[in-house]
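Before any comments, here is the structure.
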Amino acid sequence: MPVLPAEFFPMSARDLDGVAALEAGIQDFPWSRGNFADSLHAGYSSWVLRIGGELVGFAVVMQVLDEAHLLNIGVAGHLQGRGYGARLLRQAMDSARQAGAQRLFLEVRPGNARAVDLYRHFGFRQIGLRKGYYPALVGREDALVFERDLE
């Protein structure tokens, strides 16, 4: 597979259908198009990743004063494990840092080993556990709460 340049763009209303479809393809309990639209409307830092013009990833970060929270991040299933999640995470961290954030928080499912490994590789550390945070196929699933300084 030839390597095509990956480019970041601020998410716009034109991206909402594609982002929601991508999310639905990789999550059992995806955000809706409306969730993404609300994030844009609220002014959250939202990015899309495109390869050869094709939408292949996204990230949404909410910032309040000097703290940022990674609300959602995703990469198309056929491209997972190829470094694009790391690029999106780096983009989210850099964007938050440039906007004045000193720390970035996130939640992740304990069973999402690939994401947990990625966050730990980037220096995130677990600071808590949210019981029953995520919907699951049966009942609810806990969330690991991670934090990383951005300075």
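Rule-based calculations on the coordinates, nothing more; no lab input. If you're wondering where the values come from, they're calculated on a predicted model, not measured in any experiment. Because the Cβ atoms are built from the backbone with ideal geometry, glycine has one as well, and the counts that use them run over all protein chains shown.
Computed values, structure above
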item	result
Debye, to nearest 20: dipole size of the chain, +1 on Lys, Arg Cβ, -1 on Asp, Glu Cβ	280 debye
Candidates Arg140, Arg125, Arg97: whichever shows maximal mean-square fluctuation once the chain is modelled as a Gaussian network with Cα springs under 10 Å	Arg140
Positive dipole terminus of the chain, leading residue within Leu150, Ser45, Ala101 (C-beta point charges)	Leu150
For the chain: rounded, prolate or oblate by the Cα gyration tensor [a/c cutoff 1.5]	rounded
Two-site label geometry, Glu54 and Gln102: point separation in nm, points 7 Å out along Cα→Cβ	4.3 nm
Fraction of antiparallel bridges per DSSP, the chain only, in percent to nearest 5	90 percent
